Amino acid sequence: MKVLVVGGGGREHAIIRKLKESPKITALYAAPGNAGIGYDATCVPIKATDVEAIADWAAENRMDYVVVTPDNPLAMGLVDLLEEKGIPAFGPNKKAAVIEASKAFSKGLMKKYHIPTARYETFSDVEKAKAYLNTCDTWPMVLKADGLALGKGVLICQDKAEALTAIEEMMVGGKFGASGNTVVIEEFLIGPEVSVLAFTDGETVVPMVSSMDHKRALDGDRGLNTGGMGTVAPNPYYTPEIAQICMETIFEPTVAAMKAEGRPFKGCLYFGLMLAPDGPTVIEYNCRFGDPETQVVLPLLESDLFTVMEAVTQGRLSEVEVSFSDRNAACVVLASGGYPEHYEKGKAITGLANGQLSGGEATVYHAGTSLKEGTLVTSGGRVLGVTAMGTDLKEALDKAYTAAEKIAFEGLHKRSDIGARALAAKP
């Protein structure tokens, strides 16, 4: 089988390295990939958002299967284009990808089908949004751009003045482009956050190992929101009892709701959950593997990923076994100084040979790297994800941090407290 993976980040690198283990795959390609992915697959210089060109290339080069992972090409209908050309693909079609592409849609879906979520209102008129905020007496409040915003379209506003300024920036100033033309304003929930990725073929849903993301740029969960500075799996707050509640009240009802709406979801459905005092609640849906959650979840997958993906596409997920290791995994992200705001690119990376550390104590997933005159250099905000596994979380974290210390580039920034909350957890 010749397989193309669409995307060029750490998530895609994790997927590619897991797919490499499948005896069914004879050739792996990535579009566009990155320097690290280039050691594991053949990179094709086509942007992930150039969906027409990707579909044409896949057809011309007779790909047997395509894995579409980023949100934008899914929302743009790349899976639909591939299906029109007779190429099976992993990922939801355009109608189903709206569960992430529009927060107004997803919140409406949860309200209609009684799936637990935060109370909210949706606005497309800036003056009505401001008038609503002036009536709010409980703070903080959460403001969400309706459309895709590279994971940065969510603002937690501590008071009315901050919220009114944010509304002006989003709806008038175009802070998130067209994605901010409609805004969801919702209550702020308190509790441990949990990420759960799930395979689903539109009927059956199979949750993967839970994980805990760390979004803030600085230690102690301070600083700006990022795409993710590290993850651990499993999440200790996500007990078997809570998992059962989530299956019955969130996972299965969501898949059934999408089917009832004529938008059956096939692919990886991401559930961002808050374990609120009155029970598990949905913060957000994503229509694809999370990043960097994938970098700790897939290393724990014991089943053949490609076999599972094929079963999802073919609507027979119930027929395959999906099993995970009982070990722990931890990922520490090495970022460019200044991320998620201004940062410099082109900094030489040292400590790696052929994209990896020697010794095999950890796996290095490349998120923002490129080759410049034969030298591996930084080319993004999040540069590398260093993932290690252990019999318990402390061992996994110790191994990940020890490995991360062997890698260097100018301006390197990483959090030193990834997993601290998980280690201290008393669920």
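Descriptive notes on the structure:
- Test: Ala311 is open to solvent by less than 10 Å² (accessible area, probe 1.4 Å), part of a helix (DSSP H, G or I) and closer than 30 Å to Pro88 by Cα: yes
- Leading residue by the ranking (least open to solvent (accessible area, probe 1.4 Å)) among those in the stretch 263-304 that are farther than 20 Å from Asp71 by Cα and not in a strand (DSSP E or B): Leu300
- Flag set for Leu74, criterion: open to solvent by less than 20 Å² (accessible area, probe 1.4 Å) and in contact with a Gly (Cβ under 9 Å, 6 or more places away or on another chain).
- When Val66, Val6 are screened for being under 15 Å from the mean Cα position of the chain (by Cα), of a type outside the set (S, T, N, Q) and either farther than 21 Å from Lys372 by Cα or in a strand (DSSP E or B) (or both), only Val6 passes.
- Residue match in the stretch 77-92 (condition: under 30 Å from Pro280 (Cβ atoms) and part of a loop (DSSP other than H, G, I, E, B)): yes
- Number of positions in the stretch 147-159 that are over 24 Å from Gly381 (Cα atoms) and in contact with a helix residue (DSSP H, G or I) (Cβ under 6 Å, 6 or more places away or on another chain): 1
- Residue in the stretch 188-220 that is least open to solvent (accessible area, probe 1.4 Å), counting only those that are among the charged types (D, E, K, R) and farther than 19 Å from Tyr237 by Cα: Asp201
- Subset of the stretch 82-139 that is of a type in the set (Asp, Glu) and within 30 Å of Gly202 (Cβ to Cβ) - its residue that is least open to solvent (accessible area, probe 1.4 Å): Glu100
- Scope the stretch 28-60; condition touching an Asp or Glu at 6+ places or on another chain (Cβ under 9 Å) and closer than 13 Å to Met1 by Cβ; matching residues: Leu28
- Test: residue in the stretch 242-251 that is open to solvent by less than 30 Å² (accessible area, probe 1.4 Å) and either assigned to a loop (DSSP other than H, G, I, E, B) or in contact (Cβ under 8 Å) with a residue 60 or more places away in the chain (or both): yes
- Residue in the stretch 87-94 that is among the hydrophobic types (A, V, I, L, M, F, W, C), under 19 Å from Gly147 (Cβ atoms) and in contact with a strand residue (DSSP E or B) (Cβ under 8 Å, 6 or more places away or on another chain) present: no
Residues are listed down the side, and each one gets a yes or a no for (1) aliphatic (A, V, I, L, M); (2) part of a strand (DSSP E or B); (3) surrounded by fewer than 22 Cβ atoms within 10 Å (Cβ to Cβ):
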residue	(1), (2), (3)
Glu321	no, no, yes
Gly338	no, no, yes
Glu344	no, no, yes
Ser358	no, no, yes
Tyr365	no, yes, no
Ser370	no, yes, yes
Val377	yes, yes, yes
Lys399	no, no, yes
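The values are calculated or read from the model by the stated rules, or taken from the named source; none is laboratory data. What you are looking at is a predicted structure, and each value in this text was computed from that prediction instead of being measured. Quick reminder, even Gly has a Cβ in these numbers, built from the backbone with ideal geometry, and neighbours come from all protein chains shown. Please note that ligands, DNA and RNA were not included when accessible areas were found on the heavy atoms of the full protein model with its side chains. Shrake-Rupley method; radii C 1.70, N 1.55, O 1.52, S 1.80 Å.
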